[in-house]
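Enquirer: One structure coming up, written as structure tokens, with questions to follow.
The values are calculated or read from the model by the stated rules, or taken from the named source; none is laboratory data. These numbers come from a predicted model, not from an experiment. Note that each Cβ is placed from the backbone with ideal geometry, even for glycine, and that neighbours are counted across all protein chains shown.
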Amino acid sequence: MQNHPSYPVLSQLLAKYPATGGALFQVYNDLTLAQRWTDVEVLDLPACKRAAIKGQRPTTDTDRGPSICVVVPCSLSESISTSWLRAAFTSLDPLPSEIYVAITSEDTSTVYYKISQGIVKPPV
Amino acid sequence: MTQPILLRVSNFKAYVWDVDDINILRSHHHICGILTGTLPHLSSQNIFLGLPLQLMPEEAVLLVENGIAVLVDDPSAHHTPSPSVLKSWKEARLNDVRQQIALTEEKGSIEASNPDRAMSENAKRKRKEREERRARAKSDGVPCIPAEHSPSPRPTPENPSQTTVGETPDNTIAMPSGSYTVNIPASSSKLEWYAPRSHISLTIAREAGIWLYPSTLQERARCGVFRDLWEKGYYMGGGIKFGGEYLVYPGDPLRYHSHFVASVIEAPDAALRPMEIVAHGRLGTGTKKAHLLCEWNDETQVVSYLSVEWAGFG
């Protein structure tokens, strides 16, 4: 991992949260290299005992404008809770309307789910 | 002040047997329930069901807590009828049967005197042609070949008003012979020997031993979430078809599709597996809904919501 180009950006937070290091590494690479996000930076979320990733999604035709999103990585094998999800929201400043949970599996598949606080209708 | 609706409890389930009550529950209180009644003789009934309406326990709890309904122990509300009450019930039934038979006779005699009345012009013309053909064949000595659509012979009306003295248990009332329908009312409320005792609160019902819900944290969480969604004006239905506890509709389910599938999370720190987010989120998005994680906090008695959708990328 140390020889990987992503390592310098992540090294501090990988050291701080070794348990979630694998998920962080996988999601960071997926976002920067496969999903082609730009302006990507890592954040420290002590309330969730891990790092999160903030960046700009590539805009699609249906988007109204560029969107800055926050992604919280997590592995399939972990056990989380609704209070954990809400802590992710309150740790972020400014308070986002939604966050993305990136769920990683051992075969390097990463799936992204959008979590919003409150009762938010799906788009038509 | 309107009378509270009687929820008839049998084996810890709340049923509504009166159509007017079902109407009020749906239109005034946006509680839908599900119809569970079937007909005795038909198999595979699962599309079109009738009375009674069965309520989810959370629905019954909310209605009683809000004073809209009271719980009634249905089995003990059916008392043994006194001999005189039973006699008048039997007489009423006998009168109904006699009326039915009289109407059948009347209809039969009208049709006998005017056989063409029920047939269409086309049918009358075809029948006439058939009869002419038969008459010609007969006069030609050709054996009569039955036509394809010969009308079935009308059943000769018996004289149904002859009463037969049958073996009745008390030997006082004899039933007439002839065919008639026996009507069994769905609701017991008009029966003279039905005397329900209302339990006006859940505590009272629990002490009487007829109602237990909610007893566990999971059940309290469901009641709390259901109530919160109800107070926000939503209609709720069962969620099994979409992998959740409830389907949450913005209006009457007969008019709207649901926007949400809701799961009840019994505590803020209850273990949640990421796979559940994947499963709920993908199924919700795949069916044009969002998944609602409804977290119950038993200490603060507050519900917090998180909406889950597939991100659309990745």
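Enquirer: If you go through segment B:272-304 one residue at a time, how many are outside any helix (DSSP H, G or I), more than 7 Å from chain A (Cβ to nearest Cβ) and of a type in the set (D, E, K, R)? Before you say what the answer is, go through the steps one by one.
Expert: So the first thing to find is which residues in segment B:272-304 are outside any helix (DSSP H, G or I), and the list is B:272-273, B:287-304.
Filter again for more than 7 Å from chain A (Cβ to nearest Cβ), leaving B:287, B:291, B:294, B:296-303.
So of that shortlist, the ones also of a type in the set (D, E, K, R) come out as B:298-299.
Here the count works out to 2.
Enquirer: Continuing with the same structure: Here's a check for you: in segment A:2-27, which residue that is of a type outside the set (Val, Ile, Thr) and touching a residue at least 40 places away in the same chain (Cβ under 8 Å) is farthest from the other protein chains (Cβ to nearest Cβ)? Full working, then the answer.
Expert: To start, the set of residues in segment A:2-27 that are of a type outside the set (Val, Ile, Thr) comprises A:2-8, A:10-19, A:21-26.
From the residues that got through so far, the ones that are touching a residue at least 40 places away in the same chain (Cβ under 8 Å) too are A:10, A:22-24, A:26.
Working: A:10: 19, A:22: 14, A:23: 10, A:24: 15, A:26: 12 Å.
Among residues in segment A:2-27 that are of a type outside the set (Val, Ile, Thr) and touching a residue at least 40 places away in the same chain (Cβ under 8 Å), the one farthest from the other protein chains (Cβ to nearest Cβ) is A:10.
Enquirer: I would also like to ask the following. State all residues of segment B:229-260 that are under 21 Å from residue B:276 (Cα atoms), in a loop (DSSP other than H, G, I, E, B) and within 12 Å of chain A (Cβ to nearest Cβ); if no residue qualifies, say none.
Expert: B:258, B:259
Enquirer: Still on this structure: Residues being part of a loop (DSSP other than H, G, I, E, B) and not charged (D, E, K, R): count how many of those fall in segment A:71-87. Talk me through it step by step, then tell me what you get.
Expert: Let us first name the residues in segment A:71-87 that are part of a loop (DSSP other than H, G, I, E, B), namely A:76-79, A:81.
Next, only the ones that are not charged (D, E, K, R) stay: A:76-77, A:79, A:81.
Total satisfying the criteria: 4.
Enquirer: Next question, about the same structure. Out of (1) under 18 Å from residue B:270 (Cβ atoms); (2) modelled with pLDDT under 95; (3) not polar (S, T, N, Q), the odd one out for residue A:66 is which?
Expert: Failed condition: (1).
Enquirer: Ok, one more. What number of residues within segment B:182-206 are hydroxyl-bearing (Ser, Thr, Tyr), more than 17 Å from residue B:10 (Cβ to Cβ) and in a loop (DSSP other than H, G, I, E, B)? Please lay out each step first, then the result.
Expert: To start, the set of residues in segment B:182-206 that are hydroxyl-bearing (Ser, Thr, Tyr) comprises B:187-189, B:194, B:198, B:201, B:203.
This time we only want the ones that are more than 17 Å from residue B:10 (Cβ to Cβ), so: B:201, B:203.
Remaining after also requiring in a loop (DSSP other than H, G, I, E, B): B:201.
The number of residues fulfilling the criteria is 1.
Every residue, every condition in (1) under 26 Å from residue B:276 (Cβ atoms); (2) not polar (S, T, N, Q), yes or no:
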{"residue": "A:44", "(1), (2)": "no, yes"}
{"residue": "A:47", "(1), (2)": "yes, yes"}
{"residue": "A:59", "(1), (2)": "no, no"}
{"residue": "A:69", "(1), (2)": "yes, yes"}
{"residue": "A:78", "(1), (2)": "yes, yes"}
{"residue": "A:94", "(1), (2)": "no, yes"}
{"residue": "A:117", "(1), (2)": "yes, no"}
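Enquirer: If I filter segment A:88-124 down to residues being over 21 Å from residue B:285 (Cα atoms) and not in a loop (DSSP other than H, G, I, E, B), which single residue comes out as farthest from the other protein chains (Cβ to nearest Cβ)?
Expert: Filtering segment A:88-124 for residues that are over 21 Å from residue B:285 (Cα atoms) and not in a loop (DSSP other than H, G, I, E, B), the one farthest from the other protein chains (Cβ to nearest Cβ) comes out as A:91.
Enquirer: Tell me the residue from B:215, B:263 that is free of Cβ contacts under 8 Å to residues at least 40 places away in the same chain, under 26 Å from residue B:298 (Cα atoms), polar (S, T, N, Q) and not in a loop (DSSP other than H, G, I, E, B), please.
Expert: Working: B:215 fails: not in a loop (DSSP other than H, G, I, E, B).
Of B:215, B:263, the one residue that is free of Cβ contacts under 8 Å to residues at least 40 places away in the same chain, under 26 Å from residue B:298 (Cα atoms), polar (S, T, N, Q) and not in a loop (DSSP other than H, G, I, E, B) is B:263.
Enquirer: Return the total of residues in segment B:202-212 being over 11 Å from residue B:76 (Cβ atoms) and surrounded by 14 or more Cβ atoms within 10 Å (Cβ to Cβ).
Expert: Result for segment B:202-212: 5.
Enquirer: With respect to residue B:225, is the statement that it is outside any loop (DSSP other than H, G, I, E, B), over 20 Å from residue B:26 (Cβ atoms) and touching a residue at least 40 places away in the same chain (Cβ under 8 Å) true?
Expert: Details: outside any loop (DSSP other than H, G, I, E, B): yes; over 20 Å from residue B:26 (Cβ atoms): yes; touching a residue at least 40 places away in the same chain (Cβ under 8 Å): yes.
Against the criterion (outside any loop (DSSP other than H, G, I, E, B), over 20 Å from residue B:26 (Cβ atoms) and touching a residue at least 40 places away in the same chain (Cβ under 8 Å)), residue B:225 qualifies.
Enquirer: Also, quick follow-up: Identify, please: which residue in segment B:305-314 is assigned to a loop (DSSP other than H, G, I, E, B) and of a type in the set (A, V, I, L, M, F, W, C) and is, among those, nearest to the other protein chains (Cβ to nearest Cβ)? Quick ask: steps written out before the conclusion?
Expert: Our first condition is that a residue be assigned to a loop (DSSP other than H, G, I, E, B); within segment B:305-314, this holds for B:311-314.
Then drop every residue that is not of a type in the set (A, V, I, L, M, F, W, C), which leaves B:311, B:313.
On the way: B:311: 4, B:313: 6 Å.
Per the stated criteria, the residue is B:311.
Enquirer: Within the group A:50, A:64, which residue is free of Cβ contacts under 8 Å to residues at least 12 places away in the same chain, more than 9 Å from chain B (Cβ to nearest Cβ) and of a type in the set (D, E, K, R)?
Expert: Working: A:50 fails: free of Cβ contacts under 8 Å to residues at least 12 places away in the same chain.
Going through A:50, A:64 in turn, just one is free of Cβ contacts under 8 Å to residues at least 12 places away in the same chain, more than 9 Å from chain B (Cβ to nearest Cβ) and of a type in the set (D, E, K, R): A:64.
Enquirer: Which one is surrounded by the fewest Cβ atoms within 10 Å (Cβ to Cβ), of the residues in segment A:72-87 that are closer than 22 Å to residue B:292 by Cβ and more than 9 Å from chain B (Cβ to nearest Cβ)?
Expert: Among residues in segment A:72-87 that are closer than 22 Å to residue B:292 by Cβ and more than 9 Å from chain B (Cβ to nearest Cβ), the one surrounded by the fewest Cβ atoms within 10 Å (Cβ to Cβ) is A:87.
Enquirer: Right, here's the next one. Quick test of your reading of the structure: residue B:109 fulfils all but one of (1) modelled with pLDDT of 85 or more; (2) in contact with a helix residue (DSSP H, G or I) (Cβ under 8 Å, 6 or more places away or on another chain). Name the failing condition by number.
Expert: (2)
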